[in-house]
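Scroll down for the structure; my scribbles are underneath it.
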Amino acid sequence: MQRAMKATNVVLILLCAMYFISYIVRQSISTQMLEIRPEFGLSTTQALFVFSVFGYPYLIFQIIGGLTADRFGAPKTLFISGLVWAGATILTGFATGFVTLIMFRVLMGFGVGATLPTATRAMQQWVEARKRGFAQGVTHSFSRLGNALAPAAVALIMFYVGWRGAFYVIGVIGFLWVIVWFWYFRDDPKDHPSITQEELDKLPLKGAKATRPAIPWGPLISRMWPVTLTYFCYGWCLWLYLSFLPLFFRDTFSLTTQDAANFSSLVYFVGAIGNTVGGVISDSMFHKGGNVRFARLSVTFIGFVGALLWLAPV
């Protein structure tokens, strides 16, 4: 019990909660759209555009959010970005049509886009190097868990308070996380009142302030373009599932809103399991063989081949 409450573990738990909540925030509209579309008279193309418009500010603020976190620190950056996406969620409940849905989705993209690179920066200083794969895997699994629970949970909330009320409920939960994060987290681990020397000794910076060296753009780009290409392909498949799946199930098989949400949740649960298992296997391969390139690439390769083999028949 004492070990579970170490400051490093609490920070990781908070980050897992952020991934969980933020992915419910961004993906809940896929289920709510089942009721929004007939109320606003939207076509399927308009509905999918509401989903996709989120991605443009999200793309830009992935970069801006990372730069902001480097400049002002993770506590302030996540606090502000959290306020934006939680506020945008509540505002979506006041939407009056196609245009206002787009406006609030764009605003949400700003907030969520800045959140994820800031969370990664926080992990760099709060997670020891040998556990990075696990930390990335478990946080991403919580995002998939958020995706998995969102359709069924949101459909249940909609049953009692409607699709507008569902946005209000989810937004309030987001605001609660923002308050806890700002109260607990410190940008430098050594400034945290609950950190132990044992924990500090295992962290990369060992409690020292990080300096900002000149950015080696050439080597950085050569190392990052394969990762960027991988994420592009991963995101292509991921967004197809996250955005279109509830509509696909209901329109193709004439399901009720709850049934379409339940089938979508089942698919997303498998993704949550895969994220955690992939991180654990990759770390295990690295610890046993010492070849970090093979440990990371082999799991990625198997995952993409598996996605191809199963997506093609669908």
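The values are calculated or read from the model by the stated rules, or taken from the named source; none is laboratory data. Everything numeric in this text was worked out from a predicted model, so none of it was measured. Note that we place each Cβ from the backbone using ideal geometry, even for glycine, and neighbour counts take in every protein chain shown. For the accessible areas, the whole protein counts, side chains as well, though only heavy atoms, and no ligand, DNA or RNA atoms are used. Shrake-Rupley method; radii C 1.70, N 1.55, O 1.52, S 1.80 Å.
The gain in end-to-end length when the ILE64 to LEU220 segment is fully stretched comes to 54.4 nm, 0.36 nm per residue minus the alpha carbon separation.
Annotation: extensible slack from ARG71 through MET5 equals 20.8 nm (criterion: 0.36 nm per residue apart, minus Cα-Cα distance).
A Gaussian network model of the chain, with springs between Cα atoms under 10 Å, assigns the largest mean-square fluctuation among ALA86, ALA69, ALA214 to ALA214.
Computed from phi, the 3J(HN,Hα) profile of the stretch 122-133 under the Karplus parametrisation 6.51, -1.76, 1.60 (θ = phi - 60°) reads 4, 5, 4, 9, 10, 10, 5, 4, 6, 10, 4, x Hz, with x in place of Gly and Pro.
What's log10 of I(q)/I(0) for the chain at q = 0.15 Å⁻¹, Debye sum over Cα points only, no solvent? One equal scatterer on each Cα of the chain leads to -1.31.
Evaluating 6.51 cos²θ - 1.76 cosθ + 1.60 at θ = phi - 60° for every residue in the stretch 115-120, the Karplus couplings come out as 6, 5, x, 5, 5, 5 Hz, glycine and proline recorded as x. Taken one residue at a time, the phi angles of the stretch 63-78 give Karplus couplings (6.51, -1.76, 1.60, θ = phi - 60°) of 6, 4, x, x, 5, 5, 5, 5, 7, 10, x, 5, x, 5, 5, 5 Hz. Gly and Pro are set to x. Percent of accessible area on the chain owned by carbon and sulfur, 1.4 Å probe? Ligands and nucleic acids excluded, carbon and sulfur give 73 percent.
Each peptide in 255-267, 277-289 was scored by the mean count of other Cβ atoms within 10 Å over its residues; highest first, the order is 255-267, 277-289. Each of LEU83, THR68, VAL112 was placed along the dipole of the chain (beta-carbon charges, centred on the mean Cα), and the one lying farthest toward the positive end is THR68.
Per DSSP H run of at least 4 residues, take -39500 (n - 2.57); add these up for the chain, divide by its residues and hand me the 222 nm value, nearest 500 deg cm²/dmol.
On the way: 10 runs with 259 residues, N = 314.
Only helices count here, giving -29500 deg cm²/dmol.
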